[in-house]
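In what follows, a structure is listed as structure tokens, so that the remarks can point back to it.
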Amino acid sequence: MANDPIHQFQIHKIIPIENVGGLDLSFTNVSLFMVATVAIAAGFLYLTTANRGLVPSRMQSVSEMAYEFTASMLRDAAGTQGMRFFPFVFSIFMFVLVANLMGMFPYFFTVTSSIIVTFSLAILVIGTVIVYGFMKHGLKFLGLFVPEGVPGVLMPLVVMIEVISFFSRPVSLSVRLFANMLAGHITLKVFAGFVVSLSTLGALGIGGAILPLLMTIALTGLEFLVAFLQAYVFAVLTCMYINDALHPGH
Amino acid sequence: MDGGAGFAYALRLSSEFIAGVLVGAGIGYLIDRIVGTSPWGMIVFLLLGFVAGILNVLRSAGHLAEPEAKIGPGAKPGDNKE
């Protein structure tokens, strides 16, 4: 078990609630860590801004930085009109960021390494875009799929390709986050496994084990970067898709 | 480590491409299931999926403008966006 790099992604039921209308609604370790993610993110933001001062304390400025960062990201991508989606984008950003960072604790489950979690988030984003786009623009929203200056003969083909391209967004959005987290954590575990296996080989092995150990340390640093970067990418793409809903092409 | 940024870029582009192919194949499969045109829907939409995947990659690499970039604020055609 100690050397199995996949073991960390196993899902087990904590409170089995089976067969609710044919669905398995068990409370699993994934659910537990999602609840923990929400609790930590909300708790951190609430506590650090509870007694706020004009001159922010250290923790308060972390919260304010997160706010400013997301706000400027959304404003750049979708304009001031996009700010009505700020709570949505900020929640998604904080959820993914905290979930990624929590995955860096040993023995913790990384919820963003389950494709169903990231896919649900992506469907939520694209669903919001579609519903809001149709609400605001009606059928003009479909203009998103009709590029300008295309000859009439090619139009059906081009529209079809644009439609597929649009529906591939939630897939690529979720696959990217999931693949990054999964690959990173497996790599980390494999290199850490080398340390253990090599050090059982006697004195020479212990000497050789230093190399994968250094690699593990470097990878841990890299994983922290990836955790932040992927949360950022997810949020930026959310902003861009929201921009589509606000301003679809002609 | 410099490998991190390149790795992230590679994953980004490949996920864009794979997503296009997967969605194309999925739509083709659904059409075949509903209309019963097997295997033609799958063939046609898998090919269209490849095209959409390439389009996604080019867009994500900044070689093509986003279709909506013409009027979106703060976005110019050819912007290399995350």
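As a length-normalised measure over Cα pairs under 8 Å and 6 or more apart, the relative contact order of region B:10-61 settles at 49 percent. Could you tally the net charge around B:A19, taking each other residue with its Cβ under 9 Å from the Cβ of B:A19, Lys/Arg +1 and Asp/Glu -1? Residues near B:A19 contribute +1 overall. The relative contact order of region A:7-246, computed from alpha carbon pairs under 8 Å that lie at least 6 residues apart in sequence, is 25 percent.
Computed in the context of the full set of protein chains, the accessible area of region B:10-61 at 1.4 Å probe radius has 82% of its extent on carbon or sulfur. Using a/c under 1.5 as the rounded threshold, could you call region A:1-96 rounded, prolate or oblate? The axes a ≥ b ≥ c are square roots of the C-alpha gyration tensor eigenvalues, and prolate needs a/b larger than b/c, oblate otherwise. Cα axes put region A:1-96 in the prolate bin.
Measuring max minus min along each principal axis, the C-alpha atoms of region A:23-153 give extents of 58, 47, 23 Å (largest first).
Seen against the Cα atoms of chain A and their longest principal axis, helix A:86-102 is set at about 20 degrees. Considering only A:F85, B:F50, B:A61, and ranking their Cα positions along the charge dipole of the protein assembly as shown that arises from unit charges at the beta-carbon of Lys, Arg, Asp and Glu, the one farthest toward the positive end is A:F85. Can you run the Rg to Rh ratio on region A:142-250? Use alpha carbon positions and the Kirkwood inverse-distance Rh. Here the Rg-to-Rh quotient is 1.30. Placing a label point 7 Å from the Cα of A:K13 along the Cα-to-Cβ direction, the residues of region A:27-64 whose backbone N falls under 16 Å from that point are A:27-32.
Mean per-residue shielding of peptide B:20-27 is 5, counting Cβ atoms of other chains within 10 Å of each Cβ.
A Förster radius of 41 Å, combined with the Cβ-Cβ distance separating A:I40 from B:L64, puts the computed FRET efficiency at roughly 0.55. Peptide B:41-53 is shielded by partner chain Cβ atoms: per residue, an average of 3 of them sit within 10 Å of its Cβ. On chain A, 75 percent of the accessible area sits on carbon and sulfur atoms, based on a 1.4 Å probe.
How far, in degrees from 0 to 90, does helix A:58-78 lean away from the longest principal axis of the Cα atoms of chain A, to the nearest 10? Taking the Cα atoms of chain A, the angle to A:58-78 is about 40 degrees. Between the beta carbons of B:S14 and A:V196, assuming R0 = 35 Å, the FRET efficiency works out to 0.65 to the nearest 0.05. Sorting the segments A:13-19, B:29-35 by their mean number of nearby beta carbons within 10 angstrom, highest to lowest, gives B:29-35, A:13-19. Estimated at 0.36 nm per residue, the fully extended path between A:I217 and A:F86 surpasses their Cα-Cα distance by 43.5 nm.
How big, on average over all directions, is the shadow cast by the Cα convex hull of chain A, in nm²? So the Cα hull casts an average projection of 19.9 nm². In this structure chain A gives 51 Å² per residue of accessible area when probed at 1.4 Å with all protein chains present. The shape of region B:10-61 comes out prolate: with a ≥ b ≥ c from the C-alpha gyration tensor, a/c is at least 1.5 and a/b beats b/c.
Other residues lying with their Cβ under 13 Å from the Cβ of A:L182 contribute a combined charge of +1, Lys and Arg counting +1, Asp and Glu -1. Both chains summed, the buried accessible area for A and B stands near 2700 Å², from protein heavy atoms and a 1.4 Å probe. Each of A:L144, A:M65, A:F234 was scored by the projection of its Cα onto the charge dipole of chain A, and the greatest displacement toward the positive side belongs to A:M65; charges sit on the C-beta of Lys, Arg, Asp and Glu.
Model label sites at A:L54 and A:I6, defined 7 Å from Cα along the beta-carbon direction, differ in position by 6.1 nm. The mean number of partner chain beta-carbon atoms within 10 angstrom of a residue's beta-carbon across peptide A:233-243 is 3.
Net length available on complete extension from A:L204 to A:V158 is 10.3 nm, with 0.36 nm assigned per residue and the Cα-Cα distance removed.
The values are calculated or read from the model by the stated rules, or taken from the named source; none is laboratory data. All values derive from a computational prediction rather than experimental measurement. A quick note on method: Cβ atoms are made from the backbone with ideal geometry, for glycine too, and the neighbour counts reach across all protein chains shown. Surface areas here come from the heavy atoms of the whole protein model, side chains and all, with no ligands, DNA or RNA. Shrake-Rupley method; radii C 1.70, N 1.55, O 1.52, S 1.80 Å.
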